Each structure stands twice: as structure tokens, then as C-alpha cells.
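To start, the structure itself, in C-alpha cells.
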Amino acid sequence: QVQLVESGGGLVQPGGSLRLSCAASGIIFSIYGMGWYRQAPGKQRELVAAISSSGRTNYADSVKGRFTISRDNAKNTLDLQMNSLKPEDTAVYYCNGHWTTREYWGQGAQVTVSS
């Protein structure tokens, strides 16, 4: 059974930091492309950051320079370090894993940026 379980969400003030983690099980994690997506109320789900099986990364323009995605293939974990958070970063953040035609999603973690 494949599971992607996010943790680390919460409430933070503007300018603050949070670190999201995704623990994967049931897949050969090292061969999967991984990513973080987010969905704000009334908006479509969007890609925030992605990291390939070889470690290549890409980011949405809105988070470049503030967010860092990383993976630990030995621990089967995916992280997203979020710095200089803004109110517009408020959303449910989802962990995603994909390989060929297979794609899996976590249940989501709420991130709220508010004073």
C-alpha cells in the first residue's frame, strides 16, 4: 500500500518559516519524481516545487529564492523549507510522487500565513 504522509504544517506569521515533510512508503522512492503542490481556497492546485530522481529541482516563480525542496532517498522523505512566508502562501500543501504512469498524492497539510 502506497502512502505519502505530510507533516509540519501550521500557522505562521508573515516573514516566518515552516518546514514541511513527506514520508513515503510502499514505493521505490529513489526512482520517483517528487513534488509539492498547493491549493488555496477557490483556486486550482498548482505546482510549488519539484525534484527529479536525479536531484534536479524547479520552482514556481512565486516561491523562487524563498522555498527549497530536498529529498533523502535513504529515509524516503521529501522536505520543503519555506522561508519569508507571505499571506498568499496560505494553502493546503500536497506531496506528490510520480513514475511513468503511476502518480500518488498525500492527504495535504494546511499552511496558514497570518498575523
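The values are calculated or read from the model by the stated rules, or taken from the named source; none is laboratory data. What you see is a predicted model; the values in this text were computed from it and never measured. Glycine gets a Cβ as well: all are built from the backbone with ideal geometry, and neighbour counts include every protein chain shown. Side chains included, ligands, DNA and RNA excluded: accessible areas come from the protein's heavy atoms. Shrake-Rupley method; radii C 1.70, N 1.55, O 1.52, S 1.80 Å.
On the given criteria, is S21 surrounded by fewer than 16 Cβ atoms within 10 Å (Cβ to Cβ) and either at pLDDT 95 or above or within 18 Å of G108 (Cα to Cα) (or both)? In short, no. All told, S30 meets the bar of being among the small types (G, A, S), in a helix (DSSP H, G or I) and surrounded by fewer than 18 Cβ atoms within 10 Å (Cβ to Cβ). Collect the residues in region 1-16 that are over 16 Å from T77 (Cβ atoms) and open to solvent by less than 60 Å² (accessible area, probe 1.4 Å), keeping them in residue-number order. Across region 1-16, the qualifying residues are G10, V12, G15, G16.
Contact map, region 23-36: residues that are of a type in the set (S, T, N, Q) paired with residues that are surrounded by 12 or more Cβ atoms within 10 Å (Cβ to Cβ) and not in a strand (DSSP E or B), Cβ distance under 7 Å, separation 6+ or inter-chain. Pairs shown: S25/N76; S30/S53; S30/N73. Examine region 63-70 for a residue that is touching a residue at least 40 places away in the same chain (Cβ under 8 Å) and either of a type in the set (G, A, S) or surrounded by fewer than 19 Cβ atoms within 10 Å (Cβ to Cβ) (or both), and state whether such a residue exists. Looking through region 63-70, none of the residues is touching a residue at least 40 places away in the same chain (Cβ under 8 Å) and either of a type in the set (G, A, S) or surrounded by fewer than 19 Cβ atoms within 10 Å (Cβ to Cβ) (or both).
Tell me, yes or no, whether region 45-52 has at least one residue that is exposed (fewer than 15 other Cβ atoms within 10 Å of the Cβ) and of a type in the set (V, I, T). No, there is no match, as no residue in region 45-52 is exposed (fewer than 15 other Cβ atoms within 10 Å of the Cβ) and of a type in the set (V, I, T). Hey, among the residues in region 72-115 that are among the β-branched types (V, I, T) and out of contact with any strand residue (DSSP E or B) (no Cβ under 8 Å at 6 or more places or on another chain), which one's most open to solvent (accessible area, probe 1.4 Å)? It comes out as T101.
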